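Worksheet: one structure, shown below.
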Ligand SMILES: Nc1ncnc2c1ncn2[C@@H]1O[C@H](COP(=O)(O)OP(=O)(O)OP(=O)(O)O)[C@@H](O)[C@H]1O
Ligand SMILES: [Mg+2]
């Protein structure tokens, strides 16, 4: 087996349930071995459907799914090298911790001594040694979550699918478990595909994020790429807080918005093409009005613990959100300063393919000159 080969590959996969709704629309992607992937998107966008297709709980309407280079469209779920951790953990309440974890091995008729060894190992991995005989109802939410993970890793699958496994936990435990899961994935080296609709969780945990909307992958990439370079309004809006302002691209490296022209680092648009720009709230610096690139009248201010969240409007009526350690005063006029790199230009409704094509085309042109 070639190690560089994708462990999972979707090729033009479409999923339509009986009610004719297209849930996944011609989706293609690759999952590399040993990485932590996150499927991120709003409710109903198709995240669970992708996991069910990988696990073999449902079949694609068209397109192909490959596992280690082999087409697995019609391979039954129990023959796939995949284990799922469900949102509600789906633990058996009448079995103790040990037997919950051992369940899959018992079905496979693994020898008792081997079962013992592997369950102990799995318990050690999730820091639950000594809990073998506990009833599930005597376990906390976080401990149950670990039992569910132990139950998945005990089968030594090549891929673990996790469908919103942290959503039932309170914030503090959730943050702890994020850290633990990430560590566990690194130690095990198993490919994790994790589902969440929480952007911060996705940014904190993943090697790669797929941002989904309405059955399409809007953008895929490392967390910093997606955060810093969202390719369209949906991604910019969904990942973190953003200022999204309409404008036009005067020429390469010159953008106009809020009635002014600014230097930027983007290129490859038509002259005067209508675009939208994104500036992250933390990339705006509060200055005296005359020193700012934009002047804003402060409308509201909230203290968020680490920073102030200040909201104001420019003379064109655009809303600006600023994260700053400096305090402002409501109704005060302030300046906002930003670097050219802080402006990110987006084409209307651009898809990932179009974005890549545009960059390529621009690269070719500049090389030709
Ligand atoms: N068995 C089914 N029959 C018909 N429609 C379904 C079925 N399962 C899911 N759907 C529909 O497919 C769409 C995608 O569902 P899916 O469960 O993949 O979304 P999701 O991204 O996991 O959402 P959530 O964040 O709410 O879990 C939804 O519109 C849903 O109603
Ligand atoms: Mg779901």
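In the range 42-70, how many are assigned to a loop (DSSP other than H, G, I, E, B), within 16 Å of ligand 2 (Cβ to nearest atom) and in contact with a strand residue (DSSP E or B) (Cβ under 6 Å, 6 or more places away or on another chain)?
Taking the range 42-70 first, the residues assigned to a loop (DSSP other than H, G, I, E, B) are 42-46, 56-61, 68-69.
Next cut, within 16 Å of ligand 2 (Cβ to nearest atom) only: 42-46, 57-58.
Those left that are additionally in contact with a strand residue (DSSP E or B) (Cβ under 6 Å, 6 or more places away or on another chain): 45-46.
Final tally of qualifying residues: 2.
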Original post:
Within the group 297, 267, which residue is within 21 Å of residue 323 (Cα to Cα) and surrounded by fewer than 18 Cβ atoms within 10 Å (Cβ to Cβ)?
Top reply: 297
Original post:
Considering the range 231-254 alone, what residues qualify as being in a strand (DSSP E or B) and out of contact with any helix residue (DSSP H, G or I) (no Cβ under 9 Å at 6 or more places or on another chain)?
Top reply: 245, 246, 247, 248, 249, 250, 251, 254
Original post:
Between residues in the range 39-52 that are under 14 Å from residue 77 (Cα atoms) and residues that are within 8 Å of ligand 2 (Cβ to nearest atom) and not in a helix (DSSP H, G or I), which pairs lie under 7 Å by C-beta distance while being six or more apart or on different chains?
Top reply: 51/163; 51/195
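Report whether or not residue 223 is under 30 Å from residue 169 (Cα atoms), touching a helix residue (DSSP H, G or I) at 6+ places or on another chain (Cβ under 8 Å) and without any contact (Cβ under 8 Å) to a residue 40 or more places away in the chain.
yes
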**OP:** Grab the helices (runs of 4 or more DSSP H) fully contained in the range 85-185, keeping just those with 2 or more residues being more than 16 Å from ligand 1 (Cβ to nearest atom), within 23 Å of residue 203 (Cα to Cα) and in contact with a helix residue (DSSP H, G or I) (Cβ under 7 Å, 6 or more places away or on another chain).
**Re:** 141-153
Original post:
In this structure, is residue 33 closer than 27 Å to residue 234 by Cα, surrounded by 13 or more Cβ atoms within 10 Å (Cβ to Cβ) and away from ligand 2 (no atom under 16 Å from the Cβ)?
Top reply: no
**OP:** Residues being over 27 Å from residue 189 (Cβ atoms) and near ligand 1 (Cβ under 9 Å from one of its atoms): count how many of those fall in the range 23-40.
**Re:** 2
**OP:** Determine whether residue 73 is away from ligand 1 (no atom under 16 Å from the Cβ) and assigned to a helix (DSSP H, G or I).
**Re:** no
**OP:** Could you check residue 70 against (1) under 20 Å from residue 190 (Cβ atoms); (2) without any contact (Cβ under 8 Å) to a residue 60 or more places away in the chain; (3) touching a helix residue (DSSP H, G or I) at 6+ places or on another chain (Cβ under 9 Å) and say which number it fails?
**Re:** (3)
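Being surrounded by 12 or more Cβ atoms within 10 Å (Cβ to Cβ), more than 15 Å from residue 144 (Cα to Cα) and in contact with a strand residue (DSSP E or B) (Cβ under 8 Å, 6 or more places away or on another chain): is that true of residue 118 here? Can you show your working first?
Details: surrounded by 12 or more Cβ atoms within 10 Å (Cβ to Cβ): yes; more than 15 Å from residue 144 (Cα to Cα): yes; in contact with a strand residue (DSSP E or B) (Cβ under 8 Å, 6 or more places away or on another chain): no.
Judged against the criteria, residue 118 is not a match.
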**OP:** Examine the range 87-97 for a residue that is more than 22 Å from residue 238 (Cβ to Cβ), touching a residue at least 60 places away in the same chain (Cβ under 8 Å) and in contact with a strand residue (DSSP E or B) (Cβ under 6 Å, 6 or more places away or on another chain), and state whether such a residue exists.
**Re:** no
Subject >> Conditions (1) assigned to a loop (DSSP other than H, G, I, E, B); (2) under 19 Å from residue 352 (Cβ atoms): number failed by residue 34 >> reply: (2)
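Values quoted throughout were computed directly from the atomic coordinates according to the rules given, and no laboratory measurement underlies them. Nothing here was measured: the structure is a model prediction, and the numbers come from that model. Because the Cβ atoms are built from the backbone with ideal geometry, glycine has one as well, and the counts that use them run over all protein chains shown.
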